[in-house]
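Note sheet for the following structure.
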Amino acid sequence: MRRPPVVPVAVGNPASRGALLPVLGAIVLLAWISLWGLEQSSHGWLLHNHGASHHASATVPGWLEAGLFLAGWLLMTIAMMLPTTVPLSMVFRRMVARRPHPGPLQALLLSGFLAAWLAFGLLALALLWGIHYAISEFNALAGREWFLSAGLFVLAGAYQFSPLKYACLDQCRTPVGFVISHWHGRNPWLESLNLGWRHGLFCVGCCWAFMLLMFAVGVASLAWMLVLAVIMAIEKNSPWGRRLGRPLGFVLLATGLTLVVFNLAA
């Protein structure tokens, strides 16, 4: 098997490297503050599971409704998922430290990562619209929106046992190997964006079910968002994150089945 090219990791300017974490921290903190402010405002419905389907449909055009939902989704992605990119960002920063314009290259990396999650947000929006359309059109589903919450818990629990999830996690847990495998340095601008995009796709592959789970627990609940963000960060970056997967899967499956039994018995 052909080995990937060995790319030297530059030492670079320590001061410029040290600025990365404060900048990322400030961006993430601003995103959380913005989410809190949005939750307290009259536009908090944008972060609720029903907000993108029927709250605004009577007053907001569909294209604007979709745009507002995706803006909220992007804000949540920055708050919850951007912290999980710190190991990759640090490796990449050392890689490009001696190149011209390392800051813009870093920005392209993160832009590619967020673009992958934004693409998944489009799929999530289509899924929500489809579910709420089915609920509104079929009498058998009327008044049973709890199907959505229970189904998402079961889906997230089942995905904890999927080989695909752990294949994607393996890519996220090895930032040095990932950068070396996808960085050649011949076209740094395009490669930076592509590297972030590819990492984002693997991140979506291991965390998409948790992100959809927000629509079950109440997206506008910052406490639940924080809990899910911590779980995803541990799974991606902690040495013992893999051991968390299957026990958490059983908990999620049990929660989903409990919701089904409780609501059917009510």
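Look at the range 19-31: where a residue is within 20 Å of A97 (Cα to Cα), no partner that is modelled with pLDDT under 90 sits 6+ places away or on another chain with Cβ atoms under 7 Å. Just to be sure before I move on: is S192 out of contact with any Asp or Glu (no Cβ under 6 Å at 6 or more places or on another chain) and either of a type in the set (V, I, T) or at pLDDT below 90 (or both) in the structure I sent? So S192 fails the test.
Condition first: within 15 Å of L152 (Cβ to Cβ), assigned to a helix (DSSP H, G or I) and not hydroxyl-bearing (S, T, Y). Can you find one or more residues in the range 242-249 that meet it? Yes; the residues of the range 242-249 include at least one that is within 15 Å of L152 (Cβ to Cβ), assigned to a helix (DSSP H, G or I) and not hydroxyl-bearing (S, T, Y). Looking at the structure I just gave you, is L213 closer than 22 Å to W36 by Cβ, in contact with a Phe, Trp or Tyr (Cβ under 9 Å, 6 or more places away or on another chain) and assigned to a helix (DSSP H, G or I)? Judged against the criteria, L213 is a match.
Out of G245, G185, report the one residue that is in contact (Cβ under 8 Å) with a residue 12 or more places away in the chain, surrounded by fewer than 20 Cβ atoms within 10 Å (Cβ to Cβ) and at positive phi. After ruling out the rest, the residue left standing is G185. Taking the listed residues A126, A97, the one that is outside any helix (DSSP H, G or I), at pLDDT below 90 and either crowded, with 21+ Cβ neighbours inside 10 Å or of a type in the set (A, V, I, L, M) (or both) is A97, with no other qualifying. Every residue in the range 149-172 that is surrounded by fewer than 19 Cβ atoms within 10 Å (Cβ to Cβ) and either assigned to a loop (DSSP other than H, G, I, E, B) or modelled with pLDDT under 90 (or both), please. Passing the criteria: G151, F161, S162. Quick check on G205: is it buried (at least 22 other Cβ atoms within 10 Å of the Cβ) and part of a helix (DSSP H, G or I)? No; evaluated as a whole, the condition is false for this residue.
The values are calculated or read from the model by the stated rules, or taken from the named source; none is laboratory data. Every value quoted in this text rests on a predicted model; they were computed, and no experiment measured them. When we count neighbours, we look across all protein chains shown, and the Cβ atoms used for this are built from the backbone with ideal geometry, even at glycine.
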